[in-house]
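Peer 1: First the structure, which I've put down as structure tokens, then a few questions once you've had a look.
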Amino acid sequence: MVAPLTFNQLHTLPRSQVDHCIGAAKRRILHDLGIEESTQTPYLVMEYVDGVALDRILERGTLPLPRACAWIAHAAEALEVAHKRGVIHGDVKPANILISAEGRVKLTDFGMARVARREARDSALLGTPAYWCPEQIMGRPQDARSDIFSIGVVLYEILTGTRPFDADSLQGICSHVLSSTPNAVSQLQPSIPAAIDEIIASCLAKNPDQRIASAEALAQLLYPHARRKLVPSEQAAPGKPAAAMPNSFRDRASRLLRSA
């Protein structure tokens, strides 16, 4: 098991390890990550995405199952790219999943990302409490399966309109995360198949060893429920070709919200 290193500590890494981390900057995630040579200051450059954050889309209500599974599968594939490079996102939540005007899913805000290290070291509680995993609350080492827990919380939320471990206080949220089992999604949304209940339950297992093994495995479990891997033109505006979409950001954002 490896313990995480916060992004602000990147300057303590050997250059070879930083170069390894830079390899995670793929099309669906980051534009650039590195160290400014004159000051040895780590920097992060994010791509500007002309689109809408998933939390804004959820303001209009829950998502249909095929779209929810497709979008979360795409986000999971982006996580897999980072995980293969030893990078843990650390703050997976709807506000950090962007849907571009072309219908592409972008995983953003790696400001709390951690670089995996072999040495165990304490880390502060970072991120958003409602999406924390048990090992994070308990101060135990985290790895890629910690992000699996968080994205399972997101999937539960976009299908039901509620968070599985919500409470009125930080203590209450932590207590629920550590000891409560949320209602199955199908209990709240009877149209959801039992297979989705099983997928989410596996993501939300308290013991990391009992979770889905990888983000790629999660994506492969979700794609059959999305019917197929949606291409950007199909995601952008259901029932209307992407080329016919208005050019203004406001019109495109409104169309995305209406399609949710």
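The values are calculated or read from the model by the stated rules, or taken from the named source; none is laboratory data. Worth saying up front: this structure is predicted, and the values here are computed from it rather than measured. A quick note on method: Cβ atoms are made from the backbone with ideal geometry, for glycine too, and the neighbour counts reach across all protein chains shown.
Peer 1: Need the failing condition index for PRO164 against (1) more than 20 Å from ALA95 (Cβ to Cβ); (2) modelled with pLDDT of 95 or more, just the number.
Peer 2: PRO164 satisfies every listed condition except (1).
Peer 1: Restricting the first residue to segment 141-153 and requiring it to be farther than 9 Å from LEU79 by Cβ, which pairs with a second residue that is hydroxyl-bearing (Ser, Thr, Tyr) meet a Cβ separation below 6 Å and a spacing of at least six or different chains?
Peer 2: Hits for this filter: SER150/TYR131; VAL153/TYR131.
Peer 1: I'm trying to understand the selection: among the residues of segment 43-58, which are exposed (fewer than 15 other Cβ atoms within 10 Å of the Cβ) and touching a residue at least 12 places away in the same chain (Cβ under 8 Å)?
Peer 2: Correct list: VAL45, ASP50.
Peer 1: Now for a separate question. Could you name every one of the strands (runs of 3 or more DSSP E) located completely within segment 27-125 that has at least 3 residues being at pLDDT 75 or above and not acidic (Asp, Glu)?
Peer 2: Correct list: 51-53, 97-100, 105-107.
Peer 1: Please state which of the following conditions ALA167 fails to meet, knowing it meets all the rest: (1) closer than 22 Å to LEU54 by Cα; (2) surrounded by 17 or more Cβ atoms within 10 Å (Cβ to Cβ).
Peer 2: Exception for ALA167: condition (2).
Peer 1: Which members of segment 137-153 meet the condition of being outside any loop (DSSP other than H, G, I, E, B), within 19 Å of LEU178 (Cβ to Cβ) and in contact with a strand residue (DSSP E or B) (Cβ under 7 Å, 6 or more places away or on another chain)?
Peer 2: Answer for segment 137-153, where residues must be outside any loop (DSSP other than H, G, I, E, B), within 19 Å of LEU178 (Cβ to Cβ) and in contact with a strand residue (DSSP E or B) (Cβ under 7 Å, 6 or more places away or on another chain): SER146, ASP147.
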